[in-house]
Amino acid sequence: MKNFGFQRKESAFCCNLFFTILSLVLMVGGLLTGCGQNNAPSALAADTASQNTSATSESYSMELFAMDTVMTLTAYGDSAQAAIEVSAAEIQRLEQLFSTNLEDSDIARLNQDKQAQLPDEAISVLQKAVQLYQDTNGAFDITLYPIIKAWGFTTENYRIPTSEELQQFLQHTGIDCITLDVDIGMVQLTDAQTEIDLGGIVKGYASDRVIQQMASYGVQSAVISLGGNVQTLGTKPDGSLWRVGIQDPDAPDECIGVVETANQAVITSGPYQRYFIGEDGTRYHHIIDPQKGVPAESGLSSVTIVSDSGILADGLSTALFVMGAERALQYWQQRRADFDTILITNDRQIIITAGLADCFQSEYDYYVFGE
């Protein structure tokens, strides 16, 4: 692998001994034991309860299915139940606004009619998607929905589109096909064959909203997993940091490392989460290269983003995967104040950025970039 000026860190602990997965394990949805698993989580929230947690700390948990995935919400404190019930309603409201799977959602209506007047928050999310497209030179692109459908990732009726099909689809992608009039909340798809999908960013937005809802109810300690997109509020009730396990891309039911964190989102993208096997034995995954219309081959098997912002972490986990290690690290250098990242290469090299040097641990050797 190219030398980026890493500082190598040797393993300091054994993952199997370090992790104590207690009664609440935020690894929801099926493990990837076969093809086309839609609900595979992106991270494991490990040790989410603590033997040292005060016995007087009241907790409340809820599991629900929304946005095509299983979600788990856990909060501590006297207002935990009320905060979680309101948060669950908020998730369902956002699904009705953003989901492409609901025919009467606002985004589905936009795709059908090619124009729609949307509420301010939908405009705000679209603006964020446009900004990410521009900042990542198109590595994050919400206009790939027809291509994702062509591969069968929306229905699990998998197929391999021809190169001619893909070239035709690619003529109708790119953020230039979207016009936003922020003043009146109007969105237009200027190409009749363009459709958008906010699935690569909306769970991150939803996790931000849930954390905001819980805080407004006075909750000071919570952890949520929206399809494996983990986000924390405060610390654990005993004052210690949350420990979020990062899935091993080669064994997604195991961890390859852990991040200790508070008040942050930890979101991972990888080709092991959703895929099918073609007749030729090739694995085709759901992270599409916007330039080619095919599953991205970037030399990476996993990208984790750690950030104060769930919506940013969600979008960047996809974008940096598409970029590959070299471009991803260059991008981080330009925006290191906004996020940190954990990259795992196809040959199982683990690279973390400098902001995680004091809060990441693994039983494997890893490299620190940017110190």
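What to note about this one:
- Length gained when the stretch Asp365-Gln220 is fully extended (0.36 nm per residue, less Cα-Cα span): 48.7 nm
- Simple spin-label estimate for Asp68 and Asn101 gives 0.7 nm between the two label positions (7 Å along the Cα-to-Cβ direction from each Cα).
- Summing charges over neighbours of Ala354, with a neighbour being any other residue whose Cβ is under 10 Å away from its Cβ, gives -2 when K and R count +1 and D and E count -1.
- Evaluating 6.51 cos²θ - 1.76 cosθ + 1.60 at θ = phi - 60° for every residue in segment 248-258, the Karplus couplings come out as 6, x, 8, 8, x, 8, 10, 9, 10, x, 9 Hz, glycine and proline recorded as x.
- Cα centroid separation, segment 80-152 to segment 221-261 (Å): 25
- The calculated FRET efficiency for Arg348 paired with Tyr158, based on their beta-carbon distance and R0 = 30 Å, is about 0.65.
- Taking all protein chains into account, the per residue accessible area for segment 235-365 stands at 35 Å² (1.4 Å probe).
- Sulfur and carbon atoms: percent of accessible area, segment 88-156 [1.4 Å]: 39
- Residues Glu103, Glu85, Glu165 ordered from highest to lowest accessible area at a 1.4 Å probe: Glu103, Glu85, Glu165.
- Rounded to whole Hz, the Karplus (6.51, -1.76, 1.60) HN-Hα couplings of segment 90-97, x for glycine and proline: 5, 4, 5, 5, 5, 4, 5, 7
- Segment 74-186 - accessible surface per residue (Å², probe 1.4 Å): 47
- Sorting Lys203, Lys292 by solvent-accessible area of protein heavy atoms yields Lys292, Lys203, largest first, with a 1.4 Å probe.
- Tensor-based shape of segment 201-340 (alpha-carbon gyration tensor, a/c under 1.5 rounded, otherwise prolate or oblate): prolate
- Residues of segment 185-202 with amide N under 12 Å of the 7 Å Cα→Cβ point at Gln131: none
- Point-to-point label distance, Gln212-Gln333, nm (Cα→Cβ direction, 7 Å offset): 3.5
- Label point 7 Å beyond Cα of Val182 along Cβ direction - residues of segment 95-117 with amide nitrogen under 18 Å: 117
- Extension gain for Asp308-Arg93 works out to 75.1 nm (0.36 nm per residue, less the C-alpha to C-alpha distance).
- Phi-derived couplings, Karplus 6.51 cos²θ - 1.76 cosθ + 1.60 at θ = phi - 60°, listed residue by residue for segment 336-348: 5, 6, 9, 6, 10, 9, 10, 10, 10, 7, 4, 9, 6 Hz, with x used for Gly and Pro.
- Counting only protein chain heavy atoms and rolling a 1.4 Å probe, the accessible areas of Ser240, Ser124 rank, largest first, as Ser124, Ser240.
- Interchain or long-range residues, amide H under 5 Å from Ser302's placed H: Ile344
- Positive minus negative residues near Ala66 (Lys, Arg vs Asp, Glu; Cβ under 11 Å): -2
- Percent carbon-and-sulfur accessible area, segment 240-324, ignoring ligands, DNA and RNA, probe 1.4 Å: 41
The values are calculated or read from the model by the stated rules, or taken from the named source; none is laboratory data. These figures come from a predicted structure and were not determined experimentally. We place every Cβ from the backbone using ideal geometry, glycine too, and count neighbours over all the protein chains shown. Areas reflect the complete protein model, heavy atoms only, side chains present, ligands, DNA and RNA absent. Shrake-Rupley method; radii C 1.70, N 1.55, O 1.52, S 1.80 Å.
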